[in-house]
Amino acid sequence: MPVLSGAVTFSRFRSAPAGDAPSDTKRWLSKGLKSGHFEPIDLKKTEDERAAGFVELENSDGTDFSTGSVLYGEYALFGYRVDTVKVPAPVLKAELSKWEKAFEKENGRAPTRGEKSENRASIKHMLRQRAVPFTKVHDVSWNLKTNQVQLWASSRKTVEELLLAIEEAFDVKLQPLVPVSLAAEAGISDENLVPTPELIGMEISQSEIESSEVSHGDA
């Protein structure tokens, strides 16, 4: 829980309404979070290997999003949970090998390619039922007064996924708070962003050249 424990790896953005600004912030937050809430993978009914959605910050299973669980002063704090279920390839290979040996012993022949494929799917399904989903929760901090949004995620792919989820759920646009965008917002032209000679060390290089020429002349 980086928001509460003090970790500093995050990406910053500024939010702006894509349409009309919400008149009721609490209702807008609750509606947005519930529209994109997390739903666990149902291992019995689906073959999905991944599930993602919003959860409460202090309860990664919570999707009620009461005011007290989301609003902390001027901040809206919540999580984006991602669950993945995968059957490790070595485990699947080992189980398939056991089945092939048992099949050959029982039938006096090796299984055909079709039989292997059919039983591979069956074995994978069985192993998947026993698997425990891997859970990762990415924290989101949203200052509702300054409109600054902080996402505690280091993976570019995850950040992009989370940005899209927030924009769709809350009908907003998120602008990265990086030097280029901040300069554009402040009205600073591209020409004024070009590195100066001092920044790239041209003056130092020129002085070194002149010093070298003087030394050579004295010699």
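The values are calculated or read from the model by the stated rules, or taken from the named source; none is laboratory data. Please read all numbers here as calculations on a predicted model, not as lab measurements. A quick note on method: Cβ atoms are made from the backbone with ideal geometry, for glycine too, and the neighbour counts reach across all protein chains shown. Surface areas here come from the heavy atoms of the whole protein model, side chains and all, with no ligands, DNA or RNA. Shrake-Rupley method; radii C 1.70, N 1.55, O 1.52, S 1.80 Å.
In table form, for the structure just shown:
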item: Exclusive hit being open to solvent by 80 Å² or more (accessible area, probe 1.4 Å) and not polar (S, T, N, Q), set Pro90, Pro17, Pro111; result: Pro90
item: Residue match in the stretch 66-79 (condition: within 18 Å of Gln150 (Cβ to Cβ), part of a loop (DSSP other than H, G, I, E, B), open to solvent by 60 Å² or more (accessible area, probe 1.4 Å) and touching a residue at least 60 places away in the same chain (Cβ under 8 Å)); result: yes
item: Near pairs, Cβ below 7 angstrom, 6+ apart or cross-chain, from the stretch 164-178 (at negative phi) to any residue that is open to solvent by 90 Å² or more (accessible area, probe 1.4 Å) and modelled with pLDDT under 95; result: Leu177/Arg12
item: Selected residue (only one of Glu95, Glu118 is acidic (Asp, Glu), open to solvent by 60 Å² or more (accessible area, probe 1.4 Å), more than 30 Å from Ala165 (Cα to Cα) and assigned to a helix (DSSP H, G or I)); result: Glu118
item: Only listed residue being closer than 22 Å to Gln150 by Cα, part of a loop (DSSP other than H, G, I, E, B) and in contact with a helix residue (DSSP H, G or I) (Cβ under 8 Å, 6 or more places away or on another chain), chosen from Gly19, Gly53, Gly62, Gly32; result: Gly62
item: Checking Gly62 against (1) surrounded by 13 or more Cβ atoms within 10 Å (Cβ to Cβ); (2) touching a Leu at 6+ places or on another chain (Cβ under 8 Å), the condition it does not meet; result: (2)
item: Members of the stretch 122-137 that are surrounded by fewer than 16 Cβ atoms within 10 Å (Cβ to Cβ), at pLDDT 85 or above and farther than 29 Å from Tyr80 by Cβ; result: Ser122
